[in-house]
1. Could you tell me which numbered condition residue 183 fails, if it satisfies all but one of (1) basic (Lys, Arg); (2) over 27 Å from residue 48 (Cα atoms); (3) touching a residue at least 24 places away in the same chain (Cβ under 8 Å)?
2. Given (1) touching a residue at least 40 places away in the same chain (Cβ under 8 Å); (2) surrounded by fewer than 19 Cβ atoms within 10 Å (Cβ to Cβ); (3) under 24 Å from residue 84 (Cβ atoms), where does residue 163 come up short, assuming only one miss?
3. Name the pairs: first residue in the range 113-140 and closer than 22 Å to residue 75 by Cα and without any contact (Cβ under 8 Å) to a residue 24 or more places away in the chain, second residue surrounded by 15 or more Cβ atoms within 10 Å (Cβ to Cβ) and of a type in the set (D, E, K, R), Cβ to Cβ under 7 Å, at least 6 apart or on different chains?
4. Every residue in the range 60-91 that is aliphatic (A, V, I, L, M) and within 17 Å of residue 34 (Cα to Cα), please.
5. Quick check on this structure: which one of 80, 100 is closer than 24 Å to residue 132 by Cβ, among the aliphatic types (A, V, I, L, M), out of contact with any Asp or Glu (no Cβ under 8 Å at 6 or more places or on another chain) and at pLDDT 95 or above?
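The values are calculated or read from the model by the stated rules, or taken from the named source; none is laboratory data. This structure is a prediction, so every number in the text was calculated from the model and none was measured. When we count neighbours, we look across all protein chains shown, and the Cβ atoms used for this are built from the backbone with ideal geometry, even at glycine.
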Amino acid sequence: MTKRKNHSFYILFIFLLSFFQIDTAYSKFIEARFIGNEAFRITDGNFILMTDFPYESGVYGYMEYNFNFAGATKNILALITHRHLDHFAPLLFTEQNWKIIGPKEVTQQLEQNKIIKMAKTITYGPINVIPRETTHANTEHYSYLVKWHGKSLFFTGDTEDLEALKELPVLDALFITPWFYRKAKMNDMLPEAKKVIIYHHQDNDIVPDCKGCIIPLQDEIISIQ
């Protein structure tokens, strides 16, 4: 009888431990530090997601930046929306030991061992990336839904394609340009999001009708919980 009780207690203990570990993984917060343009360094403390980075500092009159490339070496994924230099600088990327997801226009001339091929869902450690092909100027362009530790983040990139905003889950963070935000709001197409983060803005930008939006300063850290 005692052995049965001990065995039952052991099974219950393992179950509760597993449940706690799963719950902890899903409740883990992530932090996003704004670099400039549409570039964020997003981390859970172990893996790092770099959005539209590295880009050419100050190109086209957009934001300049300082970044410690030497300190960014492990478990890093660059997630690139399109080939424009204010989003991606190939020469800067080739100097890094990072993985990359991006359009063929971006990746075709890079080292093959750094490229993670496009698929319906792409997994890199705890990060799941769901690409959506969208439109922007004359480029091959993708917007991305990212699922990470039970959180959902959506990066529009430079698109103004309202189709990109359809059938999204409730988002923990929506990263969107000021002009696309205005268009989506005017058409009543903004997805439900706990945080709306404006990017590719100018310093001291004011976005009308964007109450509660985060318009980050460079190096500002945003907690996504």
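1. (3)
2. (1)
3. Between residues of the range 113-140 that are closer than 22 Å to residue 75 by Cα and without any contact (Cβ under 8 Å) to a residue 24 or more places away in the chain and residues that are surrounded by 15 or more Cβ atoms within 10 Å (Cβ to Cβ) and of a type in the set (D, E, K, R), the close pairs are 114/99; 128/147.
4. 63, 72, 76, 77, 78, 79, 80
5. Criteria check complete, one pass: 100.
To keep it simple, each residue is scored yes or no on (1) at pLDDT 95 or above; (2) surrounded by fewer than 14 Cβ atoms within 10 Å (Cβ to Cβ); (3) more than 18 Å from the chain's Cα centre (by Cα); (4) assigned to a loop (DSSP other than H, G, I, E, B).
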site	(1), (2), (3), (4)
56	yes, no, yes, yes
60	yes, yes, yes, no
64	yes, yes, yes, yes
87	yes, no, no, yes
